[in-house]
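Read the structure below first, then the notes.
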Amino acid sequence: MNQEQTPVQTTEQEPEEKDRISLKEIIFEWATSVFLFMVLVLLMMTFFFRQVTVKGPSMNDTLKDQDRLIISCFLYTPQPGDVVVISHGESYSDPIIKRVIATAGQSLSIDYTTGEVRVDGVLIDEPYIKGRTVLLSNPLEIPEVIPEGYVFVMGDNRENSLDSRSTKIGLIPVENIMGKAVLRLYPFDSFGGI
């Protein structure tokens, strides 16, 4: 019995088309992943974290001029001792970086003779300060109790910091606080938490 065999035709184009389709799919998936990653980073940097640069000596020696920081801004409530970034005020347009000393409902007193700072009658331990807590020109009359919605802030370099001790800065509305400094990115030799 002689069976006639039908030759099977193969085309080399089919695998190439499949390769092209899969390459297009890979490129599309890769581009989609990159786009989604960028959107995620943008959302994180808008609602959760921000990068800021320290300007000036008011936070020496904790932070120095041109240090780059990451601040956390999502659902943040200021606490005493936090280093915060303040967006603006009546007398300044650029963000400033200071330390929260007292929050709403706390009493605050500063003895400019000794440089002692007391919150709720207790002398606060401030190993981070440089210099003495001095009276600034145009001093703010510190209220007996910090009012609701405000915080009192000072720089760590107490002899060279314009802060809540002055009427030029005064008490800071909580809504003007952009967030808490959590990480120093630069300089690299000082990389780490704050």
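The values are calculated or read from the model by the stated rules, or taken from the named source; none is laboratory data. Nothing here was measured: the structure is a model prediction, and the numbers come from that model. Using ideal geometry, Cβ is built from the backbone for each residue, glycine included, and neighbour counts are taken over all protein chains shown. Heavy atoms of the whole protein, side chains included, go into the accessibility calculation; ligands, DNA and RNA do not. Shrake-Rupley method; radii C 1.70, N 1.55, O 1.52, S 1.80 Å.
Net charge around Leu162, counting only other residues with Cβ within less than 10 Å of its Cβ (Lys, Arg = +1; Asp, Glu = -1)? Could the numbers behind the result be given before it?
Working: positive: Lys98, Arg165, Lys168; negative: Asp163.
Local net charge: +2.
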### Query
Check Leu140: other-chain or 5+ apart residues with amide H under 5 Å from its amide H, H built from backbone geometry?
Ser166, Thr167
### Query
Say each of Asn160 and Ile124 gets a label point 7 Å from the Cα, pointing the same way as Cα to Cβ; how far apart are those two points in nm?
2.2
### Message
Taking 30 Å as R0, compute the FRET efficiency from the Cβ-Cβ separation of Ala104 and Arg132 and round it to 0.05.
### Response
0.65
### Summary
Nearest-0.05 FRET efficiency for Leu75 and Thr53 at R0 = 30 Å, using Cβ-Cβ distance, is 0.80
### Summary
Computed over segment 43-194, protein heavy atoms only, probe 1.4 angstrom, the accessible area per residue in square angstrom equals 52
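Write down, largest first, the equivalent ellipsoid semi-axes of segment 119-172 in whole Å, where each equals the square root of 5 times an eigenvalue of the alpha-carbon gyration tensor. Don't skip to the end; give the middle numbers.
Working: eigenvalues 63, 48, 18 Å².
Each semi-axis is √(5λ); the values are 18, 15, 10 Å.
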### Task
Only Lys, Arg, Asp and Glu count, each charged at its Cβ (+1, +1, -1, -1), so figure out the dipole size of the chain about its Cα centre, rounded to 20 debye.
740
### Summary
For Phe49, other-chain or 5+-apart residues with amide H closer than 5 Å (H placed, Pro excluded) are Cys73
## Note on the structure
Quick numbers on segment 82-124, Rg and Dmax over C-alpha atoms in Å, give 12.9, 34
### Task
Round to the nearest 10 and give me the degree value, 0 to 90, for the angle of helix 13-47's Cα axis relative to the longest principal axis of the chain.
10
### Message
Apply the Karplus curve 6.51 cos²θ - 1.76 cosθ + 1.60, θ = phi - 60°, to the phi angles in segment 62-73 and return the couplings in whole Hz, x for Gly and Pro.
### Response
5, 10, 10, 3, 6, 4, 10, 10, 9, 10, 9, 10
### Task
Could you give me the percent of Cα pairs per 5 Å distance bin for segment 95-194, shortest bin first, beginning at zero and ending with the bin that holds the maximum distance?
2, 12, 21, 25, 20, 11, 6, 2, 0
### Message
Quick check for the chain: number of Lys pairs with alpha-carbon distance under 19 Å, counting only pairs 8 or more apart or on different chains?
### Response
11
### Cα-based convex hull volume of the chain per residue, rounded to whole Å³
205
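What number, rounded to the nearest 500 deg cm²/dmol, is the helix-based mean residue ellipticity at 222 nm of the chain, given -39500 (n - 2.57) per DSSP H run of at least four residues and division by all its residues? Could the numbers behind the result be given before it?
On the way: 1 runs with 35 residues, N = 194.
Value at 222 nm, helices only: -6500 deg cm²/dmol.
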